[in-house]
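The values are calculated or read from the model by the stated rules, or taken from the named source; none is laboratory data. Small disclaimer: the values here were computed from a predicted structure and weren't measured. Here the Cβ is made from the backbone with ideal geometry for all residues, glycine too, and neighbour counts use every protein chain on show.
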Amino acid sequence: MKATNLDAFFNELYINNYNRLMQYAYRYTGDAKVAEDIVQEVFLIALYKKAELHAHPNPKGWLYNATKICIKRYYSKNDHLKVEFSEEFSCSVELDTDKVNELLPYLLSEENREILILYFRENLPYDEICRRLGISYAACRQRVSRALAECRELLK
């Protein structure tokens, strides 16, 4: 399979920004695993919207705004946690939830597909996913993290 200009653009964007976004997310969450989950989510959205992102005048700024939005989403799903940003968002990023299943790699395991659909398409907080799947909170976070890691590997 031949790489396209969009694939090359996305790969470069990922390589040049992943570590910085991890540091940024970690600064607001204080948890390396949560920061990794957030940055993986941002790049999954970016992958889905790579044509739009390629045409954007400031792709790096788009990634940072998307990261802020995902951090806020994380805190809104976990009511016992709070975060405040000093500046307002200037870029809206939404994932077309009907397309989540199409976006996921076809080789993704059924277990990982299920948890990512609950997390992304149904926009459920970890507590609700735990209840539905009958697993602990820690197991839920670990499964989401592993599912995102599997996605990343399959998309390479």
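Of note:
- Val93 vs. criteria at pLDDT below 75, closer than 16 Å to Val42 by Cα and assigned to a loop (DSSP other than H, G, I, E, B): yes
- Elements of the type helices (runs of 4 or more DSSP H) sitting completely within the stretch 1-72 and holding at least 1 residues that are closer than 19 Å to Pro125 by Cβ and not assigned by TED's automatic domain parsing to the domain that holds Glu150: these cover 5-29, 32-48.
- Top-ranked residue in the stretch 30-57 [being free of Cβ contacts under 8 Å to residues at least 12 places away in the same chain and more than 19 Å from Asn11 (Cβ to Cβ); ranked as surrounded by the fewest Cβ atoms within 10 Å (Cβ to Cβ)]: Pro57
- Hits in the stretch 130-156 - residues which are in a helix (DSSP H, G or I), of a type in the set (Lys, Arg) and closer than 30 Å to Asn11 by Cα: Arg141, Arg143, Arg146, Arg152
- The residues in the stretch 127-154 that are over 14 Å from the mean Cα position of the chain (by Cα) and either surrounded by fewer than 19 Cβ atoms within 10 Å (Cβ to Cβ) or at pLDDT below 85 (or both) can be counted, and the count is 15.
- Any hit, the stretch 39-54, residues being among the aromatic types (Phe, Trp, Tyr) and at pLDDT 90 or above: yes
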